[in-house]
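Taken together, the values in this text are just the output of simple stated rules run on the coordinates, not laboratory data. These figures come from a predicted structure and were not determined experimentally. Every residue, glycine among them, receives a Cβ derived from its backbone with ideal geometry; neighbour counts consider all protein chains shown.
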Amino acid sequence: MTQKGVALVTGASRGIGAAIAKKLGSQGYLVGVHYRSGKSQAEAILSEIKTAGGKGFLISFNIGNPADITNTIEGMVKEYGPVAALVNNAGITGDALLMRQSNEQIDELLNVNLRGAIVCTRECVKSMIKAKNGGSIVFISSVVGETGNAGQSVYSATKSGLIGFAKSIAQEVASRKIRSNVVTPGFIKTDMTENLTDAQKESILRSIPLERMGEPEEVANAVAFLVGTDSRYITGEVIAVNGGMST
Ligand SMILES: NC(=O)c1ccc[n+]([C@@H]2O[C@H](COP(=O)([O-])OP(=O)(O)OC[C@H]3O[C@@H](n4cnc5c(N)ncnc54)[C@H](OP(=O)(O)O)[C@@H]3O)[C@@H](O)[C@H]2O)c1
């Protein structure tokens, strides 16, 4: 397997991020397995990557804290080399009707889901530009960032915001051979969707033409395509992985 550069995957301790980290590890990237609180889970993911013959390292920062992001990514680049790929995956939900959402809850969603991805991108793009070797950035948005969803207005706003940001960055850095694309998952089996009630799950299933929830690996496959060179002429695009929900 040819060794590729550093691929930082945020929120890789579980769910979709863990599947992406393992997939990129299997493709020869030196994977930055990022976590915030799930250290032992992240260690387990890194060990799976290594057992499968891949390479990686652990990295931890709070996506809600811009200074923490900047300092840690600078340290990562010094230790492991320039960033070849960034997958902005870490995110939180905060489902509630807007009338019941406090300023603190709104700030947290904006800071983690949107500002966090923006700051991670700025820090990684600095490294990509300096290395003069191009790069690929993928944002994990959501089907609700395209369609909206009652009870998820702020979450949806952060996910729509990622699409506008990704398309703008694609234009800003295309001349440096850095690409920026988005994946919009539908309902994927992770901790994030585990807490839905049976009634909610039944109603969601009725809205999915392929009649099942998605697997994290199915999102990871699309991300790996966008990270790798098979997609070298694709930038500023959005790929939906949602079982047909948006058709
Ligand atoms: N699951 C779905 O159906 C679905 C659908 C559409 C979009 N998405 C999006 O896909 C992404 C991954 O979702 P998931 O379902 O895999 O989520 P998940 O299982 O809840 O995992 C979330 C990840 O984000 C990290 N994280 C959360 N807050 C953080 C913070 N402040 N700083 C750093 N890391 C933080 C967590 O790290 P620790 O555990 O280490 O704290 C964890 O690794 C999210 O952006 C989500 O919005 C998910």
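Here is how the numbers come out for the structure above:
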{"quantity": "Members of 50/159; 22/132; 126/167; 55/177; 50/177 lying beyond 22 Å, as alpha-carbon distances in this model show", "calculated": "50/159; 22/132; 55/177; 50/177"}
{"quantity": "Approximate spin-label separation residue 58-residue 27, in nm, with each point projected 7 Å along Cα-to-Cβ", "calculated": "2.6 nm"}
{"quantity": "FRET efficiency estimate (nearest 0.05) - Cβ-Cβ, residue 191 to residue 74, R0 25 angstrom", "calculated": "0.25"}
{"quantity": "GNM top mover of 192, 128, 99 - the chain, alpha-carbon springs below 10 Å", "calculated": "99"}
{"quantity": "Distribution of pairwise C-alpha distances over segment 1-53, 10 Å bins, in %", "calculated": "31, 58, 11, 0"}
{"quantity": "Per-residue Cβ neighbour rank within 10 angstrom, fewest leading, 1, 245", "calculated": "1, 245"}
{"quantity": "The chain, dipole about Cα centre (Lys/Arg Cβ +1, Asp/Glu Cβ -1), debye to the nearest 20", "calculated": "900 debye"}
{"quantity": "Modelled FRET efficiency - R0 22 Å, residue 41 with residue 202, Cβ distances, 0.05 increments", "calculated": "0.15"}
{"quantity": "Estimated distance in nm for a label pair at residue 104 and residue 1, the labels positioned 7 Å out from Cα along Cα-to-Cβ", "calculated": "4.4 nm"}
{"quantity": "Equivalent ellipsoid dimensions for segment 6-241 as semi-axes, Å, which come from the Cα gyration tensor, largest first", "calculated": "27, 20, 18"}
{"quantity": "Theoretical gain in end-to-end length, residue 133 to residue 234 [0.36 nm per residue, Cα-Cα removed]", "calculated": "34.7 nm"}
{"quantity": "Fewest-first sequence of 70, 2 by Cβ atoms within 10 Å of each Cβ", "calculated": "2, 70"}
{"quantity": "Kyte-Doolittle at least 1.0, axis length at least 15 Å by Cα - qualifying DSSP helices, the chain", "calculated": "216-227"}
{"quantity": "Semi-axis lengths (Å, descending) of the ellipsoid that matches the C-alpha gyration tensor of segment 164-247", "calculated": "30, 12, 11"}
{"quantity": "Value of relative contact order over segment 127-247, rounded to a whole percent, pairs C-alpha under 8 Å and six or more apart", "calculated": "33 percent"}
{"quantity": "Relative contact order of the chain, defined on C-alpha pairs under 8 angstrom at six or more residues apart (%)", "calculated": "19 percent"}
{"quantity": "Residue of 231, 37, 102 that the Gaussian network model of the chain assigns the largest fluctuation, springs spanning Cα pairs under 10 Å", "calculated": "102"}
{"quantity": "Max mean-square fluctuation residue, GNM over the chain, Cα-Cα springs under 10 Å, options 196, 58, 110", "calculated": "196"}
{"quantity": "Fraction of the pair-distance distribution of segment 1-126 above 19 Å, Cα-Cα pairs, percent", "calculated": "47 percent"}
